[in-house]
Structure formats: C-alpha cells, structure tokens
Amino acid sequence: MRWDELDELLRAALSKEVAEGAKGLSGLEERVVRELARRSTHQRFWTRVRDFFTRPTPRWALAGALAALLIGFALGRLTAPPALPQWSPNLFVIAAPGARSVAVVGDFSAWQPIPLSDPDGDGIWMASIPLPPGRYEYAFIVDGKWVGQDPLADEYLRTFGEYVSVRYIGGGRADLSS
C-alpha cells in the first residue's frame, strides 16, 4: 500500500465519522432548550429549606457570631460570682481556714483583741473598724497565735522579736508625715 492510498482511506473514514456525528448534533440546541423549559423553575419547598440551612453564606456567619455573643453574655451574667465587697482601709481581713477564733490587735485598740467574724464559714475572717486618718500598727491573733505579717499591710516592723503590720489610713506616708 502506498502512502497516497493510505491517506485517501483515512480521509474517507474520517469523513464518514464526521457525517454520522453531525446527525447526532443536529437539533441539539433545541433539545437542550426544551428540556430546560420542561423542568420546573421552582424547587420543592423542602429542597429550598435544606439548601438554606446547608449552604454557608455570610448571613449565617454573622447570625452565628451574634448568637454566640448573646449566649456568652447570658451565661456570663447567669454564672458570674457575686460582687466582692469593696476593700476599705478600715477593713481588716485574713484568710484562716479551719480557725476557731481570730482577732485583730493594734495600737488603735491599746493592743486589746477585737474579734473578727467568718459568717459564711469560708475561712475568710473580717471586721470593719472605723479609724480616723493616721498610721496604725496591728497584728492578728489566730487561735492564740500571733500573725504579724498581713499581706494587705503597707509595711512591716519588727518589735520585741515579733513582726507587726503597718497600715496608713487617709493617705500615704508622705501625706501623714507633714
């Protein structure tokens, strides 16, 4: 077989294939348009509901963020601990869990004990002692033992071998020294 005969056979085979394929393509556009027109343009109700909830959109992201914010705010308000009492320089407080008796002594009471109370039994003992502005030395007595270093004190002193706490009421040290 010669090259020109082979070329002629290939051309004939391709022409036949194109002619048969063209029959299937004729009227394709009209058939597609008819099929699309036949289909309903309205989706069924449940299909639309499913699509609404399953397709992520910016409005769902915004709604989710807003819902999380509102739920967080509500839970925070419902589960927040009660407000702590306002600290005052006249408030003497010590943590002594398990103690049976706690008192404060100081130069404001001529070193006589003033009992502290723990009404809810949580181990936080406190008493409010109204004092005028000034410098005060004090200590706690917990079940008969001297506790002279109050973490809330302005400073500490060591006298007669024991520590005492110092608190300034009505201003700092600079205000009281003048």
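The values are calculated or read from the model by the stated rules, or taken from the named source; none is laboratory data. Since we're looking at a predicted model, the values are computed, not measured. Note that we place each Cβ from the backbone using ideal geometry, even for glycine, and neighbour counts take in every protein chain shown.
The requirement of being hydroxyl-bearing (Ser, Thr, Tyr) and either modelled with pLDDT under 75 or under 28 Å from the mean Cα position of the chain (by Cα) (or both) is not satisfied by SER26. Residues that are under 30 Å from ASP150 (Cβ atoms), modelled with pLDDT under 75 and surrounded by 10 or more Cβ atoms within 10 Å (Cβ to Cβ) are absent from the stretch 33-56 altogether.
With respect to being modelled with pLDDT of 95 or more and touching a Leu at 6+ places or on another chain (Cβ under 9 Å), VAL104 fits the description. Residues in the stretch 141-156 that are free of Cβ contacts under 8 Å to residues at least 24 places away in the same chain, among the charged types (D, E, K, R) and either outside any strand (DSSP E or B) or in contact with a helix residue (DSSP H, G or I) (Cβ under 6 Å, 6 or more places away or on another chain) (or both): ASP154 alone.
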